[in-house]
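Notes follow the structure.
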Amino acid sequence: MRIDLTGKTALVTGSTQGIGAAIAQGLADAGARVVVNGRTADRVDAAVADIRATGGDALGVAADVTTEEGVEQLLRELPDVDILVNNLGIFEAVPAREITDAQWRSFFEVNVLSAVRLIRAYLPGMTERGWGRALQIASDSAVVTPAEMIHYGVSKTALLAVTRGFAKDAAGTGVTVNSVIAGPTHTGGVEEFVYQLVDRSLPWDQAQREFMRVHRPQSLIQRLIEPSEIANMVVYLSSPLASATTGGALRVDGGYVDSILP
């Protein structure tokens, strides 16, 4: 299977580290011109340099897309894209009854409304050109709501509905809109999250095994997923090869969600 995204411009939000950085690298490896996005110019520049060091075509835009002003700034610098990957998201463990109104609002603003704003901004150009991809990075928590972070799970559930709705809006245009349901993934942020739930004195390999055993026993691969494994699905869905896949929620979850449907 040969994926060639030469001539396509791809924006990946929250792409200075973790899953977002892996997605940006994967798209660049497939030939896309990748736009790295984050809030801090230094971190954006560093991520761009990493991609260019591998021979990829990359540029950066430092803008806070969780705000209307930040999206306006981004659009001034990047008025059109062919591929939009809404990867930006936050998570944290908070006891259910202690989640404040402010935390609920913050998670909805960052995890849901940032994606809505960018789809709304870039979808018209995609439909006019008759080709485009809008992808949202969701989570197994969208389906299996975690007791330790209900607000996160609800925000990711909403993201699935956003995806399905905009896929209907783009029906018949040549533009596809999909979600990728990522399972427990090995990133720096997740390492910190793991240590919120297990003994911090444990070495990482032991802590990871304990986390999966106690908190994610449904995983069929019984390990954390690597970011590049999420990126592989995103690159495929971004390509012309996935032209008949839209409105979907495709799982890269290690079999964590106990379902025979995608």
Find, among the trypsin sites (Lys or Arg not before Pro) in the range 196-226, those assigned to loop by DSSP (not H, G, I, E, B) with at most 15 other beta-carbon atoms within 10 angstrom. 200, 223
Given a cut-off of under 8 Å on Cα pairs at least six residues apart, what relative contact order in percent is computed for the range 1-144? 22 percent
Note down the nm distance, to one decimal, between modelled labels 7 Å out along Cα→Cβ at residue 222 and at residue 129. 4.6 nm
What list do you get for 82, 169 if you sort them by fewest beta carbons within 10 Å? 169, 82
Long-range alpha-carbon pairs in the chain, meaning those over 33 Å apart, account in percent for 16 percent
Which of the trypsin sites (Lys or Arg not before Pro) found in the range 1-73 are in a DSSP loop and have at most 14 neighbouring Cβ atoms, other than their own, within 10 Å? 2
With a 10 Å radius around each residue's Cβ, average the other Cβ atoms per peptide and rank 171-181, 100-110, highest first. 171-181, 100-110
Where the only charges are on Cβ atoms (+1 Lys, Arg; -1 Asp, Glu), what is the dipole of the chain about its Cα centre, to the nearest 20 debye? 600 debye
Positive-pole candidate from 132, 212, 197, dipole of the chain, charges at beta carbon: 132
Hey, what did the chain get for relative contact order, percent, Cα under 8 Å, at least 6 apart? 19 percent
In sequence order, what are the phi-derived ³J(HN,Hα) couplings for the range 137-152 according to the Karplus relation 6.51 cos²θ - 1.76 cosθ + 1.60 with θ = phi - 60°, rounded to whole Hz, with x for glycine and proline? 8, 9, 7, 4, 5, 5, 10, 10, 4, x, 5, 8, 7, 4, 4, 5
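Each reported figure results from applying straightforward, stated rules to the coordinates on display, with no laboratory input. These figures come from a predicted structure and were not determined experimentally. When we count neighbours, we look across all protein chains shown, and the Cβ atoms used for this are built from the backbone with ideal geometry, even at glycine.
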